[in-house]
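Here the structure comes first, spelled out in C-alpha cells, and everything after it is commentary.
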Amino acid sequence: MNFLEERIKKDGKVLSEHVLKVDSFLNHQIDPNLMLEIGKEFAARFANEGITKIVTIESSGIAPAVMTGLILKVPVVFARKRKSLTLNGDLLTASVHSFTKNETNEISISKKYVNKEDRVLIIDDFLANGQAALGLVEIVQQSGAEVSGIGIVIEKSFQQGAQIVTKQGHRVESIARIASLKNGEVTFINEKVEELV
Ligand code: 5GP
C-alpha cells in the first residue's frame, strides 16, 4: 500500500458499496502535508509531459491540483460549477452529472486561461463514472489545448470511469485504486495483486 492507501485505510469511511467518505483529509477538512505528497506524486508521474497548466473542478480538486502546480511550477485553473458574477465573457462549458449529488451542473472556465498552446494535466479527487473527467476533457479540448494526462487522487476501479476515459486515449494516473468497498471494507487493486504473489 502506498501513503494514500494507508491513509484511506486509517481514516476513510465506507458509506456504501459505492461511496467512500474522506472528509477528514480531502473533501472537507484538508491535510496540507498529505496534499503536498499527492502533488509531488503527480508531478513525478507527469514530469516528462511538458505540462503548462493544470485544470481541475471545484471544490475538492483544488487542493491536490494546487500542490501539483506548486511542484510543476505551472498555474492551476478550476472549473466552476455555477456561473459567478465575475466569471463572464467568453466561457467554455460542458454538462456534468454528479454521481454523489445526483444533479447535473454546467461547468465552465474562462477562455482567457486555457489556450491552444497549453499542455494540460487534469486533476480531480475521485474518478467514479467518469462524468467529471469527461466534462473537463471536453472544455480543455474546446480551448484547442492538448490533454496530456489525467491525475486522480482516488479511483474507484470497480466503476466505469477509468475504462471510459482510458478508451478515449487518455493517460490516467490514480494514486489510490480501489477494487472494492464491499462488506464495509476498502480493498485496493495492489492488495489483491500482493495476495496472489
Ligand atoms: P464521476 O464524475 O467520475 O462519476 O465522479 C467524480 C466526482 O464525484 C468526484 O469529483 C467526486 O466529487 C464525486 N465522487 C464520486 N464518487 C465519490 C465517492 O465515493 N466519495 C466521494 N467523497 N466523492 C465521490
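Since every read-out is calculated from the coordinates, none of them should be taken as a lab result. From a predicted model like this one, the values you see are computed outputs, not experimental measurements. Here Cβ is always computed from backbone atoms with ideal geometry, including for glycine, and neighbour counts include all displayed protein chains.
Summary table below
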item	result
Candidate set from segment 44-58 (those that are within 16 Å of the ligand (Cβ to nearest atom) and assigned to a strand (DSSP E or B)); member that is farthest from Leu70 (Cα to Cα)	Ile57
Cross-chain or 6+ apart pairs with Cβ under 6 Å, segment 26-47 first and within 12 Å of Leu72 (Cβ to Cβ), then among the polar types (S, T, N, Q)	Gly39/Thr68; Phe42/Thr68; Ala43/Thr68
Test: residue in segment 82-103 that is under 12 Å from the mean Cα position of the chain (by Cα) and within 12 Å of the ligand (Cβ to nearest atom)	no
Of all residues making up segment 109-160, the number that are among the hydroxyl-bearing types (Ser, Thr, Tyr), more than 16 Å from the ligand (Cβ to nearest atom) and without any contact (Cβ under 8 Å) to a residue 60 or more places away in the chain	2
Residues within segment 26-37 that are within 17 Å of the chain's Cα centre (by Cα) and either more than 16 Å from Gly61 (Cβ to Cβ) or loosely packed, with under 13 Cβ neighbours inside 10 Å (or both), tallied	3
Extreme residue, surrounded by the fewest Cβ atoms within 10 Å (Cβ to Cβ), among residues of segment 8-25 that are without any contact (Cβ under 8 Å) to a residue 60 or more places away in the chain and in a helix (DSSP H, G or I)	Lys10
